[in-house]
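The values are calculated or read from the model by the stated rules, or taken from the named source; none is laboratory data. Only a predicted model underlies this, so the values are computations on that prediction, with no experimental measurement involved. Positions of Cβ are backbone-derived with ideal geometry, glycine not excepted, and every protein chain shown enters the neighbour counts. Please note that ligands, DNA and RNA were not included when accessible areas were found on the heavy atoms of the full protein model with its side chains. Shrake-Rupley method; radii C 1.70, N 1.55, O 1.52, S 1.80 Å.
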Amino acid sequence: VVGHMGPIARILVIALVAMLVCTAPAEAKSNKQRRTQSLDREVNARRSECEEEMKLDARCGASQIDFDNCILRCVSETCYDSVYGADALEEGEVDVVRGRTFRSCARNELRNLKVAENQRSKEDARRSAEAM
């Protein structure tokens, strides 16, 4: 079929095939990316809430690093203890690896909370249906 097409038609067919090939992998991984992005938004929203709360906490205002540590602790006490507990961030320190580890931990914690909440909802619905 391609052999009977003119040069412009061949270019259009090749471009169309190239577009289809390039977009397929992006769609294949988009489900996981969407879930992670959704959890990231929720963790970031929690961080924003914590920033507002910690502005009112006198214990957190001594320095910027104290404030940052308070925010991290507020977002997730468990993850903070796991990642920074033995070695808290110090003034001027930027630790990308521990930052990523903390975010991953906070996402997992949130994911686990959602799973537990969904299970409770299903159990409550089942109990309600049985009671009728």
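If you go through segment 74-109 and pick out every residue that is closer than 23 Å to T36 by Cα and open to solvent by 40 Å² or more (accessible area, probe 1.4 Å), you end up with 14. Of everything in segment 42-60 that is out of contact with any Leu (no Cβ under 8 Å at 6 or more places or on another chain) and aliphatic (A, V, I, L, M), the residue that is least open to solvent (accessible area, probe 1.4 Å) is M54. For the criterion of being more than 17 Å from the chain's Cα centre (by Cα) and either among the β-branched types (V, I, T) or surrounded by 13 or more Cβ atoms within 10 Å (Cβ to Cβ) (or both), D68 passes.
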